[in-house]
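Read through the structure below, which is laid out as structure tokens, and then see the notes.
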Amino acid sequence: MDDIQPTSTPVATEAPAPPRLSKAATVIKLLSRNRGATLAEIMDATHWQPHSTRSFLSGVRKKRELLKETRRTGETSYRLAD
């Protein structure tokens, strides 16, 4: 009985996947860029409808300072103040 060795082989453990960013965190990350983000970029990243995206931006405007800029192409860009 003393000479019995365990027969289990070491199990390869996979590193856990990094936690996925929430949609809100994704938008904040986009707004934190130097050039900010357009409504279309935010919609593409989150798969939100335009009215949902504008509503989120309105909430951000209440909590933080959100700057609105217009690009040369006429498209509005939003970004967070430093």
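None of the figures in this text is laboratory data; all of them are computed from the coordinates on show. These figures come from a predicted structure and were not determined experimentally. Cβ atoms come from the backbone with ideal geometry, glycine included; neighbour counts cover every protein chain shown.
Structure data summary
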{"read-out": "Lys, Arg +1 and Asp, Glu -1 on Cβ, resulting dipole of segment 23-80 about Cα centre, debye, nearest 20", "value": "220"}
{"read-out": "Residue-wise HN-Hα coupling along segment 63-71, computed from phi with Karplus coefficients 6.51, -1.76, 1.60 (Hz; x: Gly, Pro)", "value": "8, 10, 8, 10, 9, 10, 10, 10, 7"}
{"read-out": "Built amide H within the under 5 Å cut-off of residue 36, gap 5+", "value": "none"}
{"read-out": "Expected 222 nm ellipticity per residue - DSSP helices of 4 or more, -39500 (n - 2.57), all of the chain, to 500", "value": "-11000 deg cm²/dmol"}
{"read-out": "For peptides 58-69, 20-31, sequence by mean Cβ density within 10 Å, most packed first", "value": "20-31, 58-69"}
{"read-out": "Distance-filtered residues of segment 22-57 - backbone nitrogen under 17 Å, label point 7 angstrom along residue 68 Cα→Cβ", "value": "31, 36-43, 50-57"}
{"read-out": "Set of segment 53-82 residues, backbone N closer than 15 Å to the point 7 Å along the Cα-Cβ line of residue 23", "value": "53-60"}
{"read-out": "Net charge, residue 30 excluded, C-beta distance under 11 Å - Lys, Arg +1, Asp, Glu -1", "value": "+3"}
{"read-out": "From phi via Karplus (6.51, -1.76, 1.60), per-residue ³J(HN,Hα) for segment 25-39 in Hz, x at Gly/Pro", "value": "5, 4, 5, 4, 5, 5, 6, 7, 5, 4, 8, x, 8, 8, 4"}
